[in-house]
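Read the structure below first, then the notes.
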């Protein structure tokens with residue numbers, strides 16, 4: 001787990017977080033030619049619903065904060081509800097990365 005603490009998650013700039021009818025969604029543009037049928041059925045965006053903790057985590061993935069710093073911010077805001085903190089956080093971030101919604105940079109790669 002320690003090897004992930006200094007990674008810096010960076011959001012995909014094409015993805016937008018929106019609150020719609022009291023719920024948080026990541027709006028993912030369907031811009032591939034292969035998405036034509038999905039666009040006709042569902043509109044221009046694929047949506048992934050996030051809870052409040054997920055939405056806050058997304059906002060913290062600004063390309064400046066490390067995983068460790070994001071974890072501290074989550075702990076400060078959500079307290080014990082965030083536990084087990086780093087296991088949940090790293091799992092969530094890797095799910096986002098698998099879907100190309102974020103990427104990880106090392107601190108020495110930042111501008």
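The values are calculated or read from the model by the stated rules, or taken from the named source; none is laboratory data. If you're wondering where the values come from, they're calculated on a predicted model, not measured in any experiment. Don't worry about glycine lacking a Cβ; one is built from the backbone with ideal geometry, like all the others, and counts go over all protein chains shown.
Give me the pairs, please: first residue somewhere in segment 80-96 and closer than 15 Å to residue 3 by Cα, second residue anywhere and assigned to a helix (DSSP H, G or I) and modelled with pLDDT under 95, beta-carbon distance under 9 Å, and either six or more positions apart or on two chains.
86/4; 89/4; 90/4; 93/4; 94/4
Please indicate, with yes or no, whether at least one residue in segment 33-51 is touching a helix residue (DSSP H, G or I) at 6+ places or on another chain (Cβ under 9 Å), at pLDDT 95 or above and more than 18 Å from residue 99 (Cβ to Cβ).
No, segment 33-51 contains no residue that is touching a helix residue (DSSP H, G or I) at 6+ places or on another chain (Cβ under 9 Å), at pLDDT 95 or above and more than 18 Å from residue 99 (Cβ to Cβ).
Could you tell me whether any residue of segment 74-84 is within 15 Å of the chain's Cα centre (by Cα) and at pLDDT 95 or above?
yes
Exactly one condition in (1) at pLDDT 95 or above; (2) surrounded by fewer than 16 Cβ atoms within 10 Å (Cβ to Cβ); (3) closer than 18 Å to residue 4 by Cα is false for residue 102; which is it?
Looking at each condition in turn, residue 102 falls short on (2).
So, in segment 44-79, exactly how many residues are touching a residue at least 12 places away in the same chain (Cβ under 8 Å), assigned to a helix (DSSP H, G or I) and farther than 29 Å from residue 109 by Cα?
So the count comes out to 2.
Quick check, is residue 87 at pLDDT 95 or above, loosely packed, with under 11 Cβ neighbours inside 10 Å and under 17 Å from the mean Cα position of the chain (by Cα)?
Numbers: at pLDDT 95 or above: yes; loosely packed, with under 11 Cβ neighbours inside 10 Å: yes; under 17 Å from the mean Cα position of the chain (by Cα): yes.
Spelling it out, residue 87 is indeed at pLDDT 95 or above, loosely packed, with under 11 Cβ neighbours inside 10 Å and under 17 Å from the mean Cα position of the chain (by Cα).
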